[in-house]
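The block underneath contains the structure these notes are about, expressed in structure tokens.
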Amino acid sequence: MKNIKVLLVLCVALPGLAAAPRPDATAVVRAAMTQWRGASSYTTITMTIHRPKWDRTMSMTSWTRGDDDALVRFTAPAGDAGNATLKLGDAMWMFTPKLNQVIKLPMNMMAQSWMGSDFSYNDLAKSEQILQDYTLKITDVEKKDGHEVYVIEALPKANAPVVWGKQVLKIRDDHLILVETYYDQDMKPLKRLTAQKIGRLGGRPYVTELRMRPLDKDGQWTEIRYLKGTFDVTIPKFVFSLSNLRNPRHWEPK
């Protein structure tokens with residue numbers, strides 16, 4: 001009888017002892033952000049906007065520095081070349097060669113479409129916002145292709161200046177964001193960002209193709225493909241300036 005009791009205790013206790021503790025949700029998201037941009041980055045990208053009756057593809061170059069600074073400049077087609085967006089901290093500016101004018105974007109424009117795509121200016125500007133303005137919690141752990149995938153729910157903190165009522169992310173154990181779903185204030189899913197292809201970029205595992213799709217519009221999506229990337233390089237300060245936004249001086253790693 002004593003042996004049976006010991007066996008029962010072990011059957012109850014051992015599964016709990018064997019289960020590895022879940023990582024901290026904030027640490028998982030922060031590691032994914034670091035994997036995506038490093039301390040700094042230089043990337044060349046194509047963006048395809050797909051609609052039921054037409055497609056449009058543009059090329060661009062992107063520079064990032066730290067958590068909050070970024071410059072994106074379009075290089076093709078000719079009609080879009082020179083259009084650029086600069087983000088410094090929480091502020092964002094755009095430059096259009098046709099108008100030869102730098103415009104600072106007011107907050108009420110941040111939810112609008114970026115270059116006619118399914119990405120908004122808020123999507124570009126968010127950077128660390130999900131870490132600062134949301135409470136993060138791991139709600140599930142899935143298995144996929146030999147990896148653990150953490151399902152993370154992000155709920156806005158009280159009075160946080162955010163657009164979404166909730167975000168749900170799926171992040172693989174090698175820090176790649178596989179899915180990000182955006183919900184409105186009524187908790188209805190509105191759009192979803194999905195990893196389409198995983199490869200290597202700049203010597204690291206990377207989501208090299210991703211697609212943003214509005215969930216209420218069939219046959220509509222925007223896909224981004226990363227062609228080339230270099231991370232953790234020293235980028236000259238002039239790159240992230242209003243002067244360079246208007247009068248571009250190209251820089252790329254040697």
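Translational diffusion of the range 132-254, estimated by Stokes-Einstein from the Kirkwood radius over alpha carbon pairs at 10 °C in a medium of 1.306 mPa s, is 93 µm² per second. Thr43 sits among other residues whose Cβ lies under 14 Å from its own Cβ, and their net charge, with Lys and Arg +1 and Asp and Glu -1, is +4. Using C-alpha pairs under 8 Å with a sequence gap of at least 6, the mean separation divided by the residue count of the chain gives a relative contact order of 19 percent. Taking every C-alpha pair closer than 8 Å and separated by at least 6 residues, the mean separation divided by the residue count of the range 35-180 gives a relative contact order of 12 percent. The residues packed around Leu86, meaning those with a beta-carbon under 14 Å from its beta-carbon, carry a net charge of +4 if Lys and Arg are +1 and Asp and Glu are -1. Would you mind checking the tilt of helix 2-18 against the longest principal axis of the Cα atoms of the chain, expressed as 0 to 90 degrees and rounded to 10? Helix 2-18 and the main axis of the chain meet at about 0 degrees. Among the trypsin sites (Lys or Arg not before Pro) in the range 47-133, those placed in a DSSP loop whose Cβ has at most 12 other Cβ atoms within 10 Å are Lys53, Lys98.
Across every direction, the projection of the convex hull enclosing the Cα atoms of the chain has a mean area of 17.9 nm².
Of the GluC sites (Glu not before Pro) found in the range 68-155, the ones in coil according to DSSP and having at most 16 other Cβ atoms within 10 Å of their Cβ are Glu128. Rounded to the nearest 10 degrees, what's the angle between the helix 25-37 long axis and the longest principal axis of the chain, both from Cα atoms, 0 to 90? For 25-37 against the chain, the angle is about 40 degrees. The spacing between the range 156-229 and the range 78-149, judged by their C-alpha centroids, is 11 Å.
Throughout, read-outs are computed from the coordinates displayed, never taken from laboratory work. No experiment lies behind these values; they were computed from the predicted model shown. Cβ: placed from backbone, ideal geometry, glycine included. Neighbour counts: every protein chain shown.
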